[in-house]
1. Please verify whether segment 255-270 includes one or more residues that are loosely packed, with under 12 Cβ neighbours inside 10 Å, assigned to a helix (DSSP H, G or I) and modelled with pLDDT of 95 or more.
2. For segment 243-252, state whether one or more residues are assigned to a helix (DSSP H, G or I) and either buried (at least 18 other Cβ atoms within 10 Å of the Cβ) or modelled with pLDDT under 95 (or both).
3. Take segment 30-67 and flag every residue that is open to solvent by 50 Å² or more (accessible area, probe 1.4 Å) and either in a loop (DSSP other than H, G, I, E, B) or touching a Gly at 6+ places or on another chain (Cβ under 8 Å) (or both).
4. Restricting attention to segment 158-185, which residues are over 19 Å from the mean Cα position of the chain (by Cα) and more than 16 Å from residue 230 (Cα to Cα)?
5. Can you name every residue in segment 288-327 that is aromatic (Phe, Trp, Tyr), surrounded by 20 or more Cβ atoms within 10 Å (Cβ to Cβ) and part of a loop (DSSP other than H, G, I, E, B)?
6. Yes or no: segment 128-145 includes at least one residue that is within 22 Å of the chain's Cα centre (by Cα), surrounded by 23 or more Cβ atoms within 10 Å (Cβ to Cβ) and not hydrophobic (A, V, I, L, M, F, W, C).
7. So which residues in segment 147-183 are under 17 Å from residue 82 (Cβ atoms) and at pLDDT below 95?
8. So, in segment 236-282, of the ones that are among the acidic types (Asp, Glu) and in contact with a helix residue (DSSP H, G or I) (Cβ under 8 Å, 6 or more places away or on another chain), which residue ends up farthest from residue 193 (Cα to Cα)?
Amino acid sequence: MLLQLLLIIFTFVELNCENLFDIVDNPSKNDDEYTESSLRHWDKRKYYEKLYNIGKEIVSCAERPDEEGEGQMPDMVALCEVENDSVMVDLTKRSMLWSYHYEYLITHSPDERGINVALMYHPNVFKLLDNKSIHVELPNKRPTRDILYAKGLIISHDTLHVFVVHSPSRRGGERETRKDRLAVAKVLSSQIDSINSVVATNPISPKQNHIIIAGDFNDYGNVPSLNTIENAGVIDLTKSATPFYENIKCNGTYYFDEEWNMLDHIFISPSLSSLLISCKINNNPKLLEQNQYGMYVPRRSYKGYKYNKGFSDHLPLIALFNFEINS
């Protein structure tokens, strides 16, 4: 009996949501900026509009300008800057995403503002086996975001290890804060080494152990943090990422100080490189607006303290893979 080999497209998305907070004041966190009494006047209407817009942004990742019609919805979405379980329940169960039946994981970090990372996934494509929050100790001992780790079986019956990361910001100066982002990179490197060492000691198996690391690393270019991660044996897809819409200038996922930067990254293990179709920046026109210079930039939620009814100050990254299954 001959087995027929099928190729199944797996769609992975990374997105920094830009301050996806609920309106409830958490007395143990510095989240006052996103409450009704704050200068932003963050209320239910704005919150639910933000949920709708983030949902719309994720749906836009299924729109394929390089093909006729639409592609498929993301199978997995790594999210940065989400506050808590309440927000993720609303996003997956009460927003326009409810019909896609996503499940989610989220960290509960010591971050002072209450910022966390999360992972949405479709349970028919990713069978969760294990997950945990990984604490990172910064040199200055300041609380920061945990790393989210998830392990599961994908549709090809291979094992997929996923890490979602939001490294410390550059506030205080890029050089002055490098050591903080390097601390995150070293923890990631250690985790990758642990996975590889366990795989190496296991009996030979036809199944693969794949790794995806995604998030906002607050770094780009030839810097210690990104070099440390790559030196652990993974590949930075975003070095060659190109925009979906080629007629709209876009050289990164984040626009600041009149230039595009690639703060968001997706790293993969070499085992996934032969299965990669492409890595794209989703510069869908509906996610953009023109600035004072006539350039298209991300349409964010606020301009200063003025509500802008936007999406996020970051654009999504989309990585497409062909997974092989036998039928």
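The values are calculated or read from the model by the stated rules, or taken from the named source; none is laboratory data. Note that the coordinates shown come from a computational prediction; the quantities given were computed from them, not determined experimentally. Every residue, glycine as well, gets a Cβ built from its backbone with ideal geometry; the counts of neighbours run over all protein chains shown. The protein model used for the area step is the full one, side chains on, heavy atoms only, and it has no ligands, DNA or RNA in it. Shrake-Rupley method; radii C 1.70, N 1.55, O 1.52, S 1.80 Å.
1. yes
2. No - not one qualifying residue is present in segment 243-252.
3. Listed by number, the residues that qualify are 30, 36, 37, 39, 41, 65, 66, 67.
4. Correct list: 158, 159, 171, 172, 173, 174, 175, 176, 177, 178, 179, 180.
5. Of everything in segment 288-327, just one residue is aromatic (Phe, Trp, Tyr), surrounded by 20 or more Cβ atoms within 10 Å (Cβ to Cβ) and part of a loop (DSSP other than H, G, I, E, B), namely 311.
6. yes
7. Once the filter is applied, which keeps residues that are under 17 Å from residue 82 (Cβ atoms) and at pLDDT below 95, segment 147-183 yields only 169.
8. Per the criteria, the residue is 264.
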